[in-house]
Every structure is written in C-alpha cells, then in structure tokens.
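Below is one structure, written out as structure tokens, with a few remarks after it.
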4 protein chains.
Amino acid sequence: MPTKRTLNIGLIGYNFMGKAHSNAWRQVSHFFDLSAELELKTICGRTRGAVKEAATKFGLKEFVTDWHRVITDPQIDIVDICTPNDSHCEIAIAAAREGKAILCEKPLARSVDEAKRMVRAVKKARVVNMVCHNYRRVPAIALAKQIIERGQLGDRIFHFRARYAQDWIVDPEFPIVWRLQSERAGSGALGDIFSHIVDLGRYLVGEFKEVGAAMETFVRRRPQSRDAALRRQDGAARRPYQRVDVDDAVTVIGRFKNGAIASLEATRFAPGRKNSITLEINGNDGSLFFDLEEMNRLKLFSRHDRKPEQGFRDIIVTEPIHPFIRNWWPPGHIIGYEHTFTHTIADFVKAVVARTKVQPSFEDGLQTQRVLEAIKKSVRTKRMENVPAR
Amino acid sequence: MPTKRTLNIGLIGYNFMGKAHSNAWRQVSHFFDLSAELELKTICGRTRGAVKEAATKFGLKEFVTDWHRVITDPQIDIVDICTPNDSHCEIAIAAAREGKAILCEKPLARSVDEAKRMVRAVKKARVVNMVCHNYRRVPAIALAKQIIERGQLGDRIFHFRARYAQDWIVDPEFPIVWRLQSERAGSGALGDIFSHIVDLGRYLVGEFKEVGAAMETFVRRRPQSRDAALRRQDGAARRPYQRVDVDDAVTVIGRFKNGAIASLEATRFAPGRKNSITLEINGNDGSLFFDLEEMNRLKLFSRHDRKPEQGFRDIIVTEPIHPFIRNWWPPGHIIGYEHTFTHTIADFVKAVVARTKVQPSFEDGLQTQRVLEAIKKSVRTKRMENVPAR
Amino acid sequence: MPTKRTLNIGLIGYNFMGKAHSNAWRQVSHFFDLSAELELKTICGRTRGAVKEAATKFGLKEFVTDWHRVITDPQIDIVDICTPNDSHCEIAIAAAREGKAILCEKPLARSVDEAKRMVRAVKKARVVNMVCHNYRRVPAIALAKQIIERGQLGDRIFHFRARYAQDWIVDPEFPIVWRLQSERAGSGALGDIFSHIVDLGRYLVGEFKEVGAAMETFVRRRPQSRDAALRRQDGAARRPYQRVDVDDAVTVIGRFKNGAIASLEATRFAPGRKNSITLEINGNDGSLFFDLEEMNRLKLFSRHDRKPEQGFRDIIVTEPIHPFIRNWWPPGHIIGYEHTFTHTIADFVKAVVARTKVQPSFEDGLQTQRVLEAIKKSVRTKRMENVPAR
Amino acid sequence: MPTKRTLNIGLIGYNFMGKAHSNAWRQVSHFFDLSAELELKTICGRTRGAVKEAATKFGLKEFVTDWHRVITDPQIDIVDICTPNDSHCEIAIAAAREGKAILCEKPLARSVDEAKRMVRAVKKARVVNMVCHNYRRVPAIALAKQIIERGQLGDRIFHFRARYAQDWIVDPEFPIVWRLQSERAGSGALGDIFSHIVDLGRYLVGEFKEVGAAMETFVRRRPQSRDAALRRQDGAARRPYQRVDVDDAVTVIGRFKNGAIASLEATRFAPGRKNSITLEINGNDGSLFFDLEEMNRLKLFSRHDRKPEQGFRDIIVTEPIHPFIRNWWPPGHIIGYEHTFTHTIADFVKAVVARTKVQPSFEDGLQTQRVLEAIKKSVRTKRMENVPAR
C-alpha cells in the first residue's frame, strides 16, 4: 500500500470556531476513509498567551501570532479561517495567492464587494475553496436534500419557512462582544445566523428572487466586557456602555425563483431557544420539518402514505443508510454538534485531494451575501427588493 | 328562585359553522351558569331541504329560508350569523336595526368599508355585538393572555410569530367552493384563517403599526364541484374549470405599536398540517408557545426559573384553576374544538344579559379588517404599509 | 318516513360519570344517525338536593332518590349505572330482571363473584348489556385496533406495555373519598384505572394467561373530607384521619395467551401525569404508541416503510376516514374526553335497537375482573398466578 | 510548570466498544483539564488483521494479539477491557495482580461468582477500578441525580420506571452473534442492556430489595453469520441455524429498599426503538422523565411551581451550569453518544491520578450482578425473589 500524501493545515483563529474546527481536523481520519493523512500543523492567533494555551489544548505543537506566517509557510496545504468576519477577506485573498486550499468560516464576508474579491481570488488561483456552512452536513439536513431531490415532496415547493433563534443576549447587561460590533462583524444576527438560513434555503429549495425585510436592535447600548475593561486598566468597576450597531433580529418574507414563498427569521432574543434552527418545507406531495435542537431527527409527511396512517414520520437519522452515519455509531446512538464540522472537513479534504469543487463554495458564499445585502437594502427602502442573479 | 329570563336565538347558516354554533347553544347551559335560559328557536338557510335536515339534526323545531324573517321575528333576542362572508354586512346591519344582539362569524366583513358600516349600525342601535374569533377562548390561549398580563413575559415583547396552516386544497383537483371565490369570501386564506392570526396578535400583543406582505395563489383553476355541476344540470361528466381568484397563502412581516416584530403566515398548502395554529411570543422575561393541534397545552419558558432547571414547561391546560375548565372535566381530561364556541357563547350571553361589552367586538373586527386591507395593499405596492389607527 | 321508536333512559348516579353520561345521551343524536329517538327520562341519586340540581343542570325534568323506581318504571328501556362500585351488582341484576338494557360503568363489579352473578342475570334475561370502558372508542384506539387486525404490526405481538398514571392524591392531606375505601370501591387504582389497562390489553392483544404483581398504598391515613366532617356535625375543625384500605399503585408483569409479554402499571402517585394512559405495542412488523394526554394522535412505526424514511408516524386521528370522526368536525379539529362516551352510547343504542351484542359486554367485564383477581392473589402469594380462562 | 505525569493505556478489544473507548481516550485531554498526559499505547485483539486495521484507524502505533502482553507490560498504567463478557473476569483479575488501574465494560461479569472474584482481586491489589456504565454520565442523567439529591423530587420516591428498548434483532434472519450466545455473553438483553437499567436505578433511587421477572426468547434459532460461515469454510450458501440460548426481552417488577416501586424492561424486539432508554421517577414533590433518544434533554415536573403554570419542563441540558457541559460547546449545541465515554474516562483518570474511588466501582458492578441473578432466579421460580444485600 503506497503511503498516503500528507496535507498540512494551518488554522487561523482559536476561539469557539477554532475549537470546533481543530476537533474536526483531529477526528476526521479516525472515522472517515480519506486518501490523505492530515496534520494540524500550526494555529494562529493575535494574543500570544491565549493562542499558546489553545495550541496545547487542541494538541498542536506549533503556534504563531501573525497569520501571514501561516499562509506563506510552504508546508501548509490548507488554510482554515476561523477569525472574526473583518479579516476573512484579506486572509483568504492572500492565502489564495499562495495557492492554498481554503476553508472559511461563515459568513464569507462582510459585504458583497468583499465576497466578490474573494471569489475572484480563488478562481484566479484555482484553489479549492469552501465556506463552512456546517449545517448542510447535519445528517438530517442531508437526508432532507436527498428526499427533495428524489422528488418525494413532489415537483413543486410551496413554502420554505425557517428560523434561527437564540437567546444569549436577552439580558441587557450582557456585554459588548465583537459579534455586536458592525466594524468587526459586518452585521448582527443577519450575518452570524441568518446567513445559515439563507444557505439552507439555497441548498434545499433554490435561488432567491426577492426579499422584504424588517430588522431591529432591541438593546442599543451594552456594558463593556469585564475583560475589555481590565485590558484598558479601567477596572471592572467602571464599565462604560457602548453602542450596539448591529441587528438583534431580522424577519424576512420572500420568493424563490421556482415560485416558493419564504418566511424567514433570525433572532438572538427568543428566551428558551438556545440554538434552534427550525425548517419547514411544503411541497405538493409532502412536507419536511427539522429542528436543530433535535438534530438527529427529521420529520417527513408524505401524501403517498396510505390515507388512514398519514402523519409526520419522526425519522431518527442514525441508520447506516443515512448520510455520514455509517462512519459513526450503531442506530439510535446520536451524534452531536461538532460532528457537522467533521463531515464538512471530510468532504473538503476529498475535494482537495481530487482537486474538485465542493459545496458550498465561495461562489455560494457570495450569492448568500447578495441575499443578505438585498435584505439590508429592503430594510432601508421598506420595499421588496430583487436579489441579483448569480 | 325567580324564573330566569329566556333568550331566543335565531341561527342563520347551517353548514360547518351552523353545526358548531348550534352545538354550543345547546351545550352551554349544561356546563356554564348563565342568568338566562337559552332557546335555539329558529334556523335559516336558503336551501329548504338542507336547512330542514339541519333543523332536525341540530334539534330545532323551526326553520325558515329567508333571513329577514329571523331578524324581524319579535321573539328573537339574538341573531347568530354563520353565513358566507358576503352576507354578513347586510344581515348584521338589518339585525342591529331590529335591536337584536348579534354574534357574527369571522371575518366580520369582506372590506373595511363593510366593517365600518356594521360598527356604525351596532353603535347606533346600542346592541351587544361580537365577532366569533373562537380561538381567543381556547383555555391555553386565555391562559397565555393571563400570563402576559401578569407580566410573566416581562415588560417588553420582542417577537410575535404565528402561522395558521392547513392542507385541504393541496390537491389541484379539489373543486371550487365558496371559500375560493372572491365575490363570496372576499379573500382566501387571508380572511378565512389569517384573520384569526391578526385577532390573536391584537389580543395577545397589541395593535399593529405596519405590515409588509406577499401572497400567492398556487392553483389558479379548479374543477366545479360535483354538486354545483349537478345543480346546473351539466352532469358530473362535464365539470368545467373555474378561476380561483383568492389567495392560497399569505406571508407577512410587521411591527406592533409596542415595538414587537411580527412574522406571520397563513396557508392552505402545507401537507400534514390539518388545522395548525402555531404561536410563539418572546418577551424579555420569557416565551410562550402554542400549537392548536395540541390545543390543551401551552408551553412557557421563564427566565425566572432556577437556572439549571430552565426549560419550556408543557402545561396541560385542564386544571380547575385554568380558564373555562372548572365547567368541564377533571384534570387531564381534554376538551375539543367545539368547546371554544361554547366558551365564546357563554361570555356573549353574559354580556347580552348584563348589556355590557364583550370582546372581540365588531370594533375589533373592523380593526382586524384594517390590518387585512393594509396587507392587501402591501401586496400590490410591494412596500411596507401603515395600518390605520383605530 | 315512519316515526322512530323512542328509547327512554334512566340514569342512576349524578356525579362525574353522571355528568359525562348525561352529556353523551344528550349529544349523540345530534351527531350520529340512530334508528331510535332518545329520551333521558329520569335521573336517580340518594341525596335529594344534589340530584335535583343535577337534573336541572343536565336538562332532565324528572328525578328520583330510589333506584328501584327507575328499574321498575315500565317506560324505561335502558338503565345506565353510574354509581359507586358497591351498588353495580345489585342494581344491574334487578334491572336485568325487569328486562332493561343495561350500560354499567367500570369496573363491572368489586369481585369475580359479583361479576359472575351479573353475567348470569343478563344472560338469563337476554338483555343487551355493556360495560362502559369508554377508552375503546377513542378514535386513535379504535384505529390501533384496525391496524392490528389488518396485520400491519405483523402476525406476532411481542410486547404490550401500558400505564395509567394520575396524580390527584399525591398530597397526603387530600381527604378520604369513596374511591379510597375498599368497602365501596372494591379496590383503589386497580379497579378504577388499572381495569381500563386490562380492558385495552384484552381488546388490542388478547386474553391474559398469567400475571405477577406488586401493589402499594403510599399514604395509609387521610383526613376526612370537609363535607363528610360537616355532615357528621363534627365541624371542619375536627377532621379525624381514616385508614386508606385500597391500593395507590399496582405494577404488573404478565403473559398473554398468544405469547406477548405484558408490562403494566397504574398509579395515582405520578406528579404531572394528570390522566395519562400510555400504550406501546410491538409486533414483528411494527409498533404502535398512544398517549391519552394527546388523545387525538396515534403513533405508528412500520418496518414496511422505505428504510431511509422509517420513523414513528404521528397520525392526527381527525380524518373522516378515521373511526367515529365523520360525525364530528373537519380534519385537525380535535375532539375531547367526553366524546368517547358519545361513541360508546352510539354503539350501545345501535345494539339495543338491533338486539345484538356489543363489546365490551358484561362477559368482558367478568373476564377483566378475573385478571384483577389474579393480580390481587399474586400480590398475596408473591407468585406468578394463572388467569382463569373465560 | 512541572511536566504532567503520563498514563499509558492498554486497550483490550477493538470492536464497537473499542471504537468508543479509543475515541474517548483520544478526546478527553482536549476538552477536560486532567493532571496527567494520556497515551493510548497499545491495542489488543485476537484477530491480527482486524486489530491491525483498528490500530491504524484509532491512531495507535502498537497492537498485540495476546492480552497477557498488555497486562504484563510495565509501561502500561491502565487496562481498559472492551472484550466480550466471557473474558472480563480473567483479564481483570490478572490486570489487578499486575497493579493496573482497570476500566471494564459492562456487564462486569457473567455471574455473581465471577464478579465477586473480580472485586476481591481489585481490593487485594488496591487498584482503582470502574465498570463502564457510561449512561451515568449523560449530562441529563447527572443533572437528574443532582435534582434528586437536592431533594427537588421530595423526600420520598414512589416509582422508578425504566425501559431499554432496541430493535436490531427483530428480523428472524438476523444472524447469530456473540451477544446471542450464553457461553460468551452470559445472558442476552439482561446483561447487555438491562444491566444499564439496574445501574441507573441504583444510581438514582437506591438499592433493590426484591424483584419478580419474566423473560422471553422470541426467536429461538438464527442463521450463522456470513463471516462465521466463511471462517468455517462452509461457504455462505450453507448457513446452518444455531440455537439462541439467551433472553430477547426481560420484564421486571420490584421494590427498592426505600419503598419505591420498580417497573423495568429491556427488549431487543421493539420496532422503531433504536437505542431508547426511557426513565420516569415520581416523588412526592415532582417527577423526572428522560429518553436517551433525546439525550440532551431532561423533563422535570415540580409541584412547587406556581399552580397555573405547572407542567413538565423540557430542559435542554447544554448550559455551562450543567454537568460536564462547560467543557464542550455553547448552549443549545448538543453532544452525542460517545461523549458519555469521554466523561466516564475523565472521571476515571482523575481517580487514577488521585488514587481515589470512582463510581460505578467493581462493587457496584457486583451489586448489579446480584440484581440480575435474582431476576434469573425469579424467572425460574416464578416468585418474587430477594436481592441479597451488598
């Protein structure tokens, strides 16, 4: 047996997403058959102490504080971008120029303009590229996609209804963090969680045609975080309030090109909804329902079932026949949140080895960005706005 | 003990709503303490054979085919209007002139103009009036109202999310019926089921400020019904197709005057959703969730619960302490759809006897109509539209 | 059209069951096509004031305080026994001798001996007889029966698992009532609610072969009720404690004659379970699950479904095609607890008119009693005990 | 910072449990703060090719085919036994003699006698020992334990109701495997899955006092597996049938020493139940419900909640305040099956380092075995049998 090629990965970012991605890089070879060895070679973060600690925790020997060192490292094959949104564009373009394959956290960019430049860069460099909308690879979502593609909902979709709801900033004393600052995040709930909704809509139903939207920032000023206060030597006692200049919630109606109606929402102000994505799709032959808080399940209603026994089926998506599951555990033994990243990386690695495309690509990320931008415009104009074609 | 006064009721209409209302009139005295005797005196319908059969089935001795005879009958105290929407206005105004108390099925009217004339008539005649939005008196909904009024969701509502979904016309061969004809129904899903959503939003959250909407008619031509074909002596063999000129689905975003965001929908094209109203309300201290298909339950999340045990409570709304329940069965013994009409009529009768107001009044019906009209306008203009103040 | 025969009913008992039965007698003709007119002629109870009030509430003109007057009334065709368990036997035997058709509340009797005498009496008199196990006629249960009979669970049942759980006496200060006194009730949870479990097991799976059981009385002394104290002129201040001499809970394992294993339970000590009957049946081709607290639903798992989409179907049992539903409301409009009595009475009346048998008969009640008695014996012997054959 | 001590682990067994344990050993350091480095040094299995493949897959450099080499390896600190049940006793005793800390898969042994010898050996050798009942460390189960210990269910438990249900051998053509052979497994559903039920009962409620049981083998002959047939050079064409001499299902009633009633079941014949453990515990102040198929949730009913809003709370056990969760992801991001092993190993390693006891110990395993043996006896005698005290 010939030795497998080794792919070296450079991971930029070490917080929540850095933790999730490093786990996936470590785990994927133990569960999926890949035609390459993977080596999580280096991790990068700006704060030396913190990135060093992360390197130890995540099991890497090497860490750096300047991302340029990662992308220029000739041994690095793959750059995995897990930084806040304001650096995605610059890092990705630079990495593309260095010929690295790129996995980039969502949202791809802060604007259509940034996203376009990123797409241009990866196309020019002909590097494999992927935006990490990990929820496409929840087995239940992948099964939903198969069901739709097999025509089991019929030849016509009437409704796509989706909502991403969290509650982590309901408390007005929850401090300012980068996700609540426009400069770094680009937007609030819109880019952070609504982008997943758009991605799932495009994946499962098709391209958006038009959107109408309302947005709201429910809490407009928040205290500085204790850490930030300490860093500024202000002491925790004097925590000045700062302006929240991103959206807390966004509500959208729209139409897909295929005629389906969309009813969409994202909010960080739904007490009790921790990380809930609910989806319902209604077609002329049936319906699908999914809730991320019951991630290992998919509900399917089929008008083809015998009439007296029609009802939503509660499919436990843990059978070997289901997407990605064969690699894990026996039926009924559920998988968790982080497995979606392992699935994403398994498919990404296959594409890197085979030098093929993999979805969702940077182009997908750009198109999602166009939808987000049309939504922002609609909020300003209070009109239904067209989504520019791909 | 003095003999109770007897109230005589004239019921106009004998189909689905006639069946539901007649049941409630029969049942209410056996379960609720009312200070009047009720006599369902006469039933009215245009088709003699059918109304005669209904009279027998519903237990009435008297039936007529001309509604004028009902409203001019001096013995009649209450006129209960269960006819298709196109006759609500005319009958109600005439009944008001005769000094009758009026219960009218929803939607109150086909237009704001009709609704205004009806309000004017009942005000002038000073008769007790009510529009039959029966879902306000689902015990779980009434409990939700109490919870909100006690401030248990906090002093601020962020989101009202509601959807009324059915699937009875998904099949394109389902025939034309009056509910699918603009002339008689005024609108489709909008007036028939979305009006309940508007009513519940106004009841639970407050007045609407602005709305943006999309509408769709998914199946634009349908066969004439077998009955209609037979009546026209065409024979079932030749069932011509007729145009559907009402909406099959409507999707709405909006804002309440109190700042809450609305995400609303009604559709008759959701396979597997039989008569589903789902509501979610998020406030700064908690959330409520309700699903009409689990009508005897209400889910409540409270941020005041001890942190490790926070979670949506699944309240089975069948305790004597819950609204309306003391009159029925012991805890855990659920009630059904028709009980909501019994509750509505119990409250209506109390108002008639006491000559007080009862909600939802014709004025409520008018304000709901204003919201529906703003929605229709928004569909035309593709803009967010203001809802005129009460 | 010839005039229908009128059946006169005498109702003995006016409390919870009297309320439920009187409602069903009133309602049934309005929803079901029966070939007889029904007249709820007289109601009987020992306490004059209370029965008079009940008569008014339930809409009867006539009431008596001596049940002999009911059964000897030549105009009475049907005697409906809703009294505490200690009088079922005497009343039923006397009514049979008078040639009355008899509907008797469950449990049929306090002992096998009583039940045998009752069966003998109705057989000798050749009167139509039925024991009111109303849950057989929950539409979802009736659908479960159809599914099993159509062989959709396969040709072999492995497991029947059922539990009836309530929580109304968890509080040790809840007073003594007749249901907690052996003399009047015969047993506690066993006869009152476990008898339903036995009846449903016999209905859905078959005859029991053997049982092993444990019983417990968790609270052995309870205060006299305020009413009882008042009646004894003791004053509420001195409420003496009385011994509870019936079971609070019973747990059973067993086998059916067809080889299925039973795991059964009834308890009044399950906080949060208000009136919960959960059933699960596993066969070689599929499974059924039912929960009375979601009475309008039935869950079905079929091994014949396409493998990737197998899952428990959540059937909303409100379609016209479902048992009993055609008489009520459109799909998705749920029915309540009391409707099960209406269904029971509809079938009973048909049998009375046609002079046919109707299930569950007194013989069914007797066989259920044999199972209960084997359980009591097993509690004493601490052995598995055979259930005598029918 | 002083270098951490390194603990070397020898893993014996490489199938399902070998996969689960090796994953946990790899993962634990990345998520939990341990005061030792862990090195999964060697893996052992009898079939050379298979164990070699497993070593590669699981990321170990070393593999052996004779377990004696593992336990006598002086570098090995911890022996992790994941073999079929028939070798647990011999390996564990030998490992104890070599002074190794021991983690052993459940059931600890095939008999009380074996278990006693194992306990004696670890006591004599004073080695840290643990039986891997991983479900104790499902966060929701650990939360249930905290709730009970805080007295939130009251001072008295009435009922413990539990069931472990699977469906993997419903098909009679599913082949013989070691888990269906008494010689290797000791028992069927009893030792494999019912042992978890016993362990959870002992953990959450207390010691068992007496049990009564029924057992069944629904399919008594099964074909040899394709692999086994091939190994025997019989060819797949001639797959002889072999006798199944273990139980397919077991149903139990019983009592705890504290007076609680038990209703327990395990089955591999429940179509649609994939890996379902349902638990319900009823105390005088509240109830708990858990379902392993919704592993990240716990339902709690409290009689102390305000009366009108009482209901089972659906706690999503993913908050930092919940057991084990702080080490994983933010609220609402669920964990999977294998995380329970990671939790188990985290606690085990802490005990090894600190040389303290850890639950469930081999003594716990022995006591569980006593319950299983009393159940077997009860099946034979058809009597309620006492469980010998610890």
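Read the figures in this text as sums done on the coordinates, not as results from a lab. The structure displayed is predicted, hence computed values, not measured ones. Here Cβ is always computed from backbone atoms with ideal geometry, including for glycine, and neighbour counts include all displayed protein chains.
Things worth noting here:
- Test item: C:53-66 mean partner chain Cβ contacts at 10 Å: 1
- Measuring nothing but how far apart in sequence close Cα pairs (under 8 Å, 6+ apart) lie, relative to its length, chain A scores a relative contact order of 20 percent.
- In the range D:83-200, Cα pairs under 8 Å separated by at least six residues give a relative contact order of 30 percent.
- Packing around the peptides A:172-180, D:192-200, taken as the average count of other Cβ atoms within 10 Å per residue, puts them in this order, highest first: D:192-200, A:172-180.
- Label-to-label distances for D:D113 across copies, nearest first, come out at 5.0, 8.3, 9.7 nm, using points 7 Å from Cα in the beta-carbon direction.
- For the segment C:109-116, counting C-beta atoms of other chains within 10 Å of every residue's C-beta and taking the mean gives 0.
- Under 18 Å of direct C-alpha separation, and excluding same-chain neighbours fewer than eight residues apart, D:K41 reaches these aspartates and glutamates: D:E53, D:E62, D:D66, D:D73, D:D77, D:D80, D:E98.
- 10 Å Cβ neighbours from other chains, averaged over peptide A:278-290: 4
- Largest mean-square fluctuation among D:A101, D:A270, D:A92, in a Gaussian network model of chain D whose springs join Cα atoms under 10 Å apart, belongs to D:A270.
- Each Lys or Arg adds one and each Asp or Glu subtracts one; over the other residues with Cβ under 15 Å from the Cβ of D:A121, this totals +3.
- Estimated [θ] at 222 nm from DSSP helical runs (n ≥ 4, -39500 (n - 2.57)) normalised by residues in the protein assembly as shown, nearest 500: -9500 deg cm²/dmol
- For the range C:28-158, the fraction of C-alpha pairs farther apart than 20 angstrom is 57 percent.
- Here each label is just a point 7 Å from Cα along the line to Cβ, and for D:H68 and D:S35 those points are 3.7 nm apart.
- With a simple spin-label model that places each label point 7 Å from the Cα along the Cα-to-Cβ direction, the separation between B:R156 and A:Q146 comes to 4.6 nm.
- Unsatisfied cross-links (Cα-Cα over 29 Å) in the set C:K100/C:K299; B:K116/B:K209; B:K61/B:K357; C:K19/D:K307: C:K100/C:K299; B:K61/B:K357
- Within the shell of other residues whose beta carbon sits under 12 angstrom from the beta carbon of B:L292, the net charge comes to +1, with Lys and Arg scored +1 and Asp and Glu -1.
- In this label model, D:K377 and D:R326 are separated by 4.5 nm, measuring between points 7 Å along each Cα→Cβ vector.
- Sorted ascending by nearby beta carbons within 10 Å, beginning with the fewest, C:Y135, B:Y164 become C:Y135, B:Y164.
- GNM remark for chain A: springs join alpha carbons under 10 Å apart, and the peak mean-square fluctuation among A:R226, A:R97, A:R370 falls on A:R226.
- Taking 0.890 mPa s as the viscosity and 25 °C as the temperature, the Stokes-Einstein diffusion coefficient of chain C based on its alpha-carbon Kirkwood radius rounds to 112 µm²/s.
- Axis-nearest residue of A (beta carbon) for the A-onto-C rotation, whole Å: A:R313, 2
- Cβ crowding within 10 Å, taken as a proxy for footprinting-reagent exposure, orders A:S276, A:S378 from fewest neighbours to most as A:S276, A:S378.
- When only the Cβ of Lys, Arg, Asp and Glu is charged (+1, +1, -1, -1), the dipole of the protein assembly as shown relative to its Cα centre reaches about 0 debye.
- Top of D:H30, D:H133, D:H88 by mean-square fluctuation, Gaussian network on chain D, Cα under 10 Å: D:H30
- Here D:G49 yields copy-to-copy label distances, from shortest upward, of 5.6, 8.0, 9.1 nm, the label point defined as 7 Å from Cα along Cα to C-beta.
- The range D:1-79: relative contact order as a whole-number percent, Cα under 8 Å and 6+ apart: 39
- Dipole magnitude of chain C, debye to nearest 20 (Cβ charges: Lys/Arg +1, Asp/Glu -1, about Cα centre): 720
- With the label put 7 angstrom out from Cα along the Cα-to-Cβ vector, C:N386 ends up 3.0, 8.6, 8.7 nm from the copy partners, going from closest to farthest.
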